[in-house]
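As structure tokens, the structure follows; a few thoughts come after it.
The values are calculated or read from the model by the stated rules, or taken from the named source; none is laboratory data. All figures in this text were calculated on a predicted structure; none of them were measured in a lab. All Cβ positions, glycine included, derive from the backbone under ideal geometry; neighbour counts span all protein chains shown.
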Amino acid sequence: MGSLLVYVESSEGQFTTGSLGVAAKAAALAGELSTSVTAVVVGPGASERAATLGSHGVGRVLAVDGARGDEPSATEVADAVVAAVRAESPLLVMANASVLGAEVAGLVAGRLGLGIATDAVDASISDGSVIVTKPAFDDSVWVECGWAGEGETAGVALFRAGSFSADPVNGATAEVVGIEPEGSERHVEFLGRAESTDEGVDITQADVLVGAGRGLGGPDQFGVVESLAQALGGAVATTRAVVDAGWYDYSTQVGQTGKTVAPKLYIAAGISGAIQHKIGMQSSGTIVAINKDANAPIFEYADFGVVGDLFEVLPKLEQAIRESS
Amino acid sequence: MKIAVCVKEVPDAGASRRHDPAADHRLVRDGDPALNPFDAHAIEAALQHAEGADGVTVTAVCMGPASAQRSVQKALALGADDAVLISDDALAGSDVLGTARVLAAAIERGGYDLVLMGQQSADGECWVLPGVVAALLGWPVLTQAASLSIEDGSVRIDRQAEAGYEKVGASLPAIVSVSDAINEPRYPSLKAIMGAKRKPLEQLDLAALDLPAGSVGQDGARSIVRSVGDPPPQPGGTVIEDDGSAADRIVEFLRERNLV
Ligand SMILES: Cc1cc2nc3c(=O)[nH]c(=O)nc-3n(C[C@H](O)[C@H](O)[C@H](O)COP(=O)(O)OP(=O)(O)OC[C@H]3O[C@@H](n4cnc5c(N)ncnc54)[C@H](O)[C@@H]3O)c2cc1C
């Protein structure tokens, strides 16, 4: 029987926790199926650290050392995964839905003509094959997905970031085999990463966060959230929409490509509550949301929601809090 | 330079949601379908490039039922020069791979230099499509662009990844998806809405794309929905409408939880 093939992503010389979580999940499934897990790793120094993947349940690693840039690009990784699929005929290809992981999964599915199940949050065995569970429509329904692949490899499963724990399961070492995949004719080039812009406030340490989304309307409107955060002894957190638009610093961003936070209290103001934001703050003790759209997904997981204008509600809230303390 | 922007019609995000076991497990929403809001940013990015350079055309490319014409008209009203709508009964039930095959065939046929897409589809929670289409064309793919520059036959983007902002680039032709904060999409004027009706809209069926039967639609689907059900129960929160007293109600709630 074929193995389960996992793309374990490297970033800044380390394997990412999201992709290690997928490897751990694959190991649990492989145990049930009496098969094994093979990982693909790509990047500078990848083969050197590859043996440690044994402790995450990986049996064999196919490694491509080095990359054209400082980090491997999507096309380079896809070349490696495609070569691994051709050599190993795995049952299934599994990856974490990071920005790079999603590009790789798409490229691999397209090149090999495989079905792809996206945004999966769990996987299990049904009648001897792997199936995945995925929420749909802002998590309001749950769907079970499988594949109808014609060859030995059923398809590609892409998992929502943070779906699985990445704790090492044992101290085993994996067998590492170097591979040299055939290169794509046309590549994506990794051109570099921006300097970190951390401004000193570590939002992961705050007990209270006032989350500010695009509903703030512009970079000069943040006074209301800043002074509320101050009244609560907390800090301001943001969404990607706010940061990509240049309204606030990246170091304050919560979510899949920002920070993961778990304050005692998270007050979301003008935030729609997209899944990529939710991933970063769903473990908060209490979530309060203020949004003028009653259908905003944030209300599906807020403990207390107010349908209203944040510019009306927040100043009064700040005043009430200052008066009560 | 020819730019194509892939657009999709999606159910209205504001409407109630349900799944219809009678309709072959297909997920349906009430309310009128509309242009995927994320795609408006891709159209805007294309228009901004076209306005700053000579000889750039922008074509909206859509796969969908005949009714998706409404969303294609919206793309034209926003400023696309023309549009291609691929509609065929045989396309119903297409999965990501099938959809990508159709779009790739339409892109090949149109001979574009750059294809833009939105960051994701609002109804599918899916942002892998650019990669699948790129693979079928043998093109590079760059996703989630927070900024975009097109120069000398190549494209570079800044984008946020898990380890922070990074720059990636590729030579053209390429596929690029853009973040929903890359720009502020314009509102079409009444004149633009009226004018859109006169812009060329080419309707294609499967035969025009020369795709083998069975490679798309329900028959070609390689990822399949086995069952649809309710999510695990979540302890529902309280939601109130602000009548002027919301701030006090929040404080009351926080006090019950010893948070103030
Ligand atoms: C691969 C990937 C990774 C991503 N990573 C992240 C991430 O790490 N973090 C993240 O946050 N997002 C991330 N996103 C983006 C995410 O999908 C959303 O686009 C983003 O979270 C939206 O931010 P927002 O809620 O601020 O904006 P919007 O979705 O535009 O919501 C703004 C909300 O404000 C409300 N509003 C407007 N005016 C008012 C007012 N006066 N009073 C009250 N409410 C008002 C509106 O009703 C609306 O609900 C990612 C996306 C992708 C595809």
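Quick notes on this one:
For (1) crowded, with 21+ Cβ neighbours inside 10 Å; (2) touching a Leu at 6+ places or on another chain (Cβ under 6 Å); (3) of a type in the set (A, V, I, L, M), each residue gets a yes or a no:
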site: A:Ser19; (1), (2), (3): yes, no, no
site: A:Ala23; (1), (2), (3): yes, no, yes
site: A:Ala28; (1), (2), (3): no, no, yes
site: A:Gly31; (1), (2), (3): no, no, no
site: A:Ser36; (1), (2), (3): no, no, no
site: A:Val42; (1), (2), (3): yes, no, yes
site: A:His56; (1), (2), (3): yes, yes, no
site: A:Gly66; (1), (2), (3): no, no, no
site: A:Asn96; (1), (2), (3): yes, no, no
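- Scanning segment A:145-160 for residues that are within 16 Å of the ligand (Cβ to nearest atom) and assigned to a loop (DSSP other than H, G, I, E, B) turns up at least one hit.
- Evaluation of A:Gly192 against (1) within 8 Å of chain B (Cβ to nearest Cβ); (2) assigned to a loop (DSSP other than H, G, I, E, B); (3) among the small types (Gly, Ala, Ser); (4) on the phi > 0 side of the Ramachandran plot (one fails), failing number: (2)
- Hits in segment A:99-114 - residues which are surrounded by fewer than 24 Cβ atoms within 10 Å (Cβ to Cβ) and either modelled with pLDDT under 95 or not aliphatic (A, V, I, L, M) (or both): A:Arg111, A:Gly113
- Looking across segment A:288-299, just one residue is buried (at least 23 other Cβ atoms within 10 Å of the Cβ), within 9 Å of the ligand (Cβ to nearest atom) and within 8 Å of chain B (Cβ to nearest Cβ), and that is A:Ile290.
- When B:Glu108 is tested against the conditions (1) touching a residue at least 24 places away in the same chain (Cβ under 8 Å); (2) more than 16 Å from the ligand (Cβ to nearest atom); (3) farther than 21 Å from B:Pro173 by Cβ, the lone failure is (3).
- Flag if A:Ser284 is of a type in the set (Ser, Thr, Tyr), assigned to a loop (DSSP other than H, G, I, E, B) and touching a residue at least 12 places away in the same chain (Cβ under 8 Å): yes
- In segment A:263-287, the residue that is farthest from B:Ile182 (Cα to Cα) out of those that are under 18 Å from the mean Cα position of the chain (by Cα), surrounded by fewer than 21 Cβ atoms within 10 Å (Cβ to Cβ) and away from the ligand (no atom under 11 Å from the Cβ) is A:Ser283.
- For B:Lys191: the one exception among (1) within 14 Å of another protein chain (Cβ to nearest Cβ); (2) over 30 Å from B:Gly111 (Cβ atoms): (1)
- Exclusive hit being surrounded by fewer than 24 Cβ atoms within 10 Å (Cβ to Cβ) and either within 13 Å of the ligand (Cβ to nearest atom) or farther than 24 Å from A:Gly218 by Cβ (or both), set B:Leu172, B:Leu148: B:Leu172
- Scanning segment B:175-191 for residues that are within 14 Å of the ligand (Cβ to nearest atom) and either more than 26 Å from A:Pro219 (Cβ to Cβ) or not β-branched (Val, Ile, Thr) (or both) returns B:Ser177, B:Ser179, B:Asp180, B:Ala181, B:Asn183, B:Glu184, B:Pro185.
- Residues in segment A:80-116 that are of a type in the set (S, T, N, Q) and either part of a strand (DSSP E or B) or facing another protein chain (nearest Cβ under 7 Å) (or both): A:Asn96, A:Ser98.
A quick yes/no check of all residues on (1) near the ligand (Cβ under 8 Å from one of its atoms); (2) part of a loop (DSSP other than H, G, I, E, B):
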position	(1), (2)
A:Leu209	no, no
A:Ser227	no, no
A:Val236	no, no
A:Ala241	yes, no
A:Gly246	no, yes
A:Gln256	yes, yes
A:Val261	no, yes
A:Glu318	no, no
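Residues checked against (1) surrounded by 12 or more Cβ atoms within 10 Å (Cβ to Cβ); (2) within 32 Å of the chain's Cα centre (by Cα); (3) part of a helix (DSSP H, G or I):
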{"residue": "B:Asp219", "(1), (2), (3)": "yes, yes, yes"}
{"residue": "B:Ser227", "(1), (2), (3)": "yes, yes, no"}
{"residue": "B:Pro232", "(1), (2), (3)": "no, yes, no"}
{"residue": "B:Ile240", "(1), (2), (3)": "yes, no, no"}
{"residue": "B:Gly244", "(1), (2), (3)": "no, no, no"}
{"residue": "B:Ala247", "(1), (2), (3)": "yes, no, yes"}
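- Test: residue in segment B:223-238 that is more than 9 Å from chain A (Cβ to nearest Cβ), more than 30 Å from A:Gly246 (Cβ to Cβ) and among the charged types (D, E, K, R): no
- Filtered by the rule that a residue be modelled with pLDDT of 95 or more, surrounded by 15 or more Cβ atoms within 10 Å (Cβ to Cβ) and of a type in the set (Gly, Ala, Ser), segment B:23-58 gives B:Ala40, B:Ala42, B:Ala45, B:Ala46, B:Ala50.
- Subset of segment B:129-152 [within 7 Å of another protein chain (Cβ to nearest Cβ) and at pLDDT below 95]: none
- Residue match in segment A:78-91 (condition: within 16 Å of the ligand (Cβ to nearest atom) and either under 22 Å from the mean Cα position of the chain (by Cα) or modelled with pLDDT of 95 or more (or both)): no
- Any hit, segment B:163-174, residues being at pLDDT below 95 and part of a loop (DSSP other than H, G, I, E, B): yes
- Tally of residues being closer than 28 Å to A:Arg49 by Cα and surrounded by fewer than 19 Cβ atoms within 10 Å (Cβ to Cβ) across segment A:190-214: 6
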